Amino acid sequence: MNEKEIIDIEQKYMANVYAKKSLMLVRGKGALVWDINDQEYIDCMAGYGVCIVGHCHPQVVKAIQKQAELLISAHGSIYNEARSRFLKKLISITPKGLNQAFLSNSGAESIECAIKLARKYTGKTDIIAFVGGYHGKTMGALSATWKKKYREPFLPLVPGFIHVPFGKSNGVKNAITEKTAAILVEPIQGERGIILPPPNFLKELREICDSADILLIIDEVQSGFGRTGKFFACDHFSVVPDIMCLAKSVAGGVPMGVTVSTQDIMSAFTLGNHSNTFGGNPLACAAASAAIDVLIEERLPERAASLGRYFMDRLEELREKYRLIREVRGLGLMIGMQLRFDILNILQNSLKRNVLLLDAGRTVIRFLPPLVITKEQLDRVVNVLDNVIGEEESERLRS
Ligand SMILES: Cc1ncc(COP(=O)(O)O)c(C=O)c1O
């Protein structure tokens with residue numbers, strides 16, 4: 001198929017819910033991707049933070065190939081070695097005490113499971129979520145998501161969700177009632193623009209949950225698996241949640257969602273309470289096992305921490321150079337750069353110079369590169385931004 005045919009077919013037959021970029025990807029390796037004309041790009045988007053071990057990591061590819069030849073599908077009601085291996089590895093890296101998992105296929109599904117589990121375990125209905133929070137777009141996850149634009153066309157949502165300001169524990173305390181089952185929080189608000197909480201906030205949430213006897217659900221869908229410089233962002237704050245949600249990067253690029261909790265809490269689910277057809281399929285589990293091996297063997301969390309510091313320093317130099325840049329913030333390789341204007345031009349012009357970037361709202365450039373990205377590649381990203389933002393600033397000064 002030629003380029004035009006591919007575009008025409010996607011436009012005709014695919015639901016029109018994505019703002020398409022002028023980019024058609026064919027292959028990827030590490031932090032690089034190539035388009036249909038064999039143009040190379042540095043990928044700071046990584047499929048919205050999915051490809052944490054890089055595109056097509058050889059160990060992940062090999063594991064998928066091997067498992068595909070053996071067995072692709074086995075329902076959760078049937079035992080399977082690939083799933084067992086994955087679960088053992090997963091539980092070896094999750095925070096202490098979180099030792100039972102429900103396996104699904106996406107971030108939103110991992111949240112749905114957490115909401116149902118919290119309701120079932122506590123026998124209560126309400127969930128406290130946060131202003132600016134993002135948890136996905138299925139009806140339960142959407143009810144926890146803050147943005148009006150996402151919620152309003154689909155009212156009425158699931159009842160019992162309350163949103164309070166992020167980073168303010170007093171507001172949380174005041175929102176608790178006898179109906180509250182859990183607090184649901186992103187340790188770093190990704191979609192909102194990489195917003196870090198005050199240093200004690202998660203600890204305070206833990207204390208609030210303990211004293212009110214409610215559950216703390218931490219959504220690590222975007223921040224988990226080494227992204228922030230530790231296996232999980234909650235590790236930075238020495239907080240262990242009651243339920244943790246994972247997805248995106250878990251299986252090296254193959255769809256997987258995980259809801260992990262304590263055996264005690266998970267045992268609130270009884271036969272048939274929750275299920276899905278594909279969750280824990282051997283193919284995804286084999287890919288996920290390989291991804292965890294890579295994460296550990298290549299010390300990717302440590303790499304994210306040191307490269308993140310380096311990249312933030314370089315972006316900070318740009319902030320000192322250009323008035324248009326308001327702030328650089330982040331943890332590990334989960335970084336936001338807030339500009340003083342709409343960033344659409346910057347994203348498009350960077351793409352023309354072979355750097356693929358992501359937005360978070362209208363004014364924040366979000367960097368979620370594969371953790372295998374090199375210093376040299378990050379330097380190239382900084383150089384492109386230097387040129388693109390420099391041109392935009394001159395343009396604005398002229399007009
Ligand atoms: C923090 C967080 N939670 C949940 C989700 C939903 O994940 P998915 O798009 O896989 O349903 C996302 C997706 O961006 C996310 O960033």
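Quick notes
- The lysines within cross-link reach of LYS147, meaning a Cα-to-Cα straight distance under 16 Å and a gap of 8 or more places when in the same chain, are LYS137.
- Net charge dipole size for the range 352-399 [Lys, Arg +1 and Asp, Glu -1 on Cβ; Debye, nearest 20]: 140
- Backbone N under 13 Å from the GLU317 label point (7 Å along Cα→Cβ), restricted to the range 378-393: 378-387
- Cα gyration tensor shape for the range 321-377, rounded if a/c is under 1.5, else prolate or oblate: oblate
- By the helix-only formula, in which each DSSP H run with n ≥ 4 contributes -39500 (n - 2.57) and the sum is divided by residues, the chain has a 222 nm mean residue ellipticity of -12500 deg cm²/dmol.
- The H on the amide N of ASN99, modeled in the peptide plane, is under 5 Å from the matching H of SER261, THR262, GLN263, each at least 5 residues off or on a different chain.
- Taking the average, over residues, of other Cβ atoms within 10 Å as the packing measure, peptides 129-136, 55-62, 2-9 rank 129-136, 55-62, 2-9 from highest down.
- Averaging 1/r over each pair of different alpha-carbon atoms in the range 123-269 and inverting the result gives 15.6 Å, the Kirkwood hydrodynamic radius.
- Within the range 58-297, percent of DSSP bridges classed antiparallel, to nearest 5: 40
- When only the Cβ of Lys, Arg, Asp and Glu is charged (+1, +1, -1, -1), the dipole of the chain relative to its Cα centre reaches about 420 debye.
- Computed from the C-beta positions of PHE341 and ILE91 and an R0 of 41 Å, the FRET efficiency is 0.35 to the nearest 0.05.
- Label-to-label distance, nm, for residues given as LYS352 and HIS75 (7 Å Cα→Cβ offset): 5.4
- For the chain, complete DSSP H runs whose alpha carbons reach 27 Å or more along their own long axis and whose mean Kyte-Doolittle score is -1.0 or higher are 300-321, 375-398.
- Candidates LYS12, LYS375, LYS321, ranked by Gaussian network fluctuation over the chain, Cα under 10 Å, top entry: LYS12
- When each of the peptides 297-309, 156-168 is scored by the mean number of other C-beta atoms lying within 10 Å of its residues, the order from highest to lowest reads 297-309, 156-168.
- Greater than 29 Å apart at Cα, pairs in LYS20/LYS203; LYS29/LYS230; LYS20/LYS230: LYS20/LYS203; LYS20/LYS230
- Label-zone membership for the range 362-386, site VAL61, 7 angstrom Cα→C-beta point, backbone N under 13 Å: none
- For ARG326, the residues 5 or more places off, or on other chains, whose built amide H falls under 5 Å of its own are GLN338, LEU339, ARG340.
- As a rough guide to protection, the peptides 216-224, 21-29, 103-111 ranked by mean Cβ packing within 10 Å, highest first, stand as 216-224, 103-111, 21-29.
- Extension gain, ASN37 to GLU376, is 119.7 nm, computed as 0.36 nm per intervening residue step minus the present C-alpha separation.
- Length available on full extension from THR125 to ARG326: 0.36 nm per residue minus the Cα-Cα distance, which gives 68.3 nm.
- A straight chain from LEU23 to TYR310 at 0.36 nm per residue would run longer than the Cα-Cα distance by 100.5 nm.
- Using Cβ point charges alone (K and R +1, D and E -1), the dipole size of the range 1-124 about the Cα centre works out to roughly 920 debye.
- Hydrodynamic radius (Kirkwood) for the chain, which is based on Cα pairs only, to one decimal in Å: 21.9
- Residues whose placed amide H lies under 5 Å from that of ASP359, excluding near-sequence neighbours: ARG366
Each reported figure results from applying straightforward, stated rules to the coordinates on display, with no laboratory input. A quick note: this is a predicted structure, and the numbers were derived from the prediction, not measured. Counting neighbours? That spans all protein chains shown, and the Cβs are built from the backbone with ideal geometry, glycine included.
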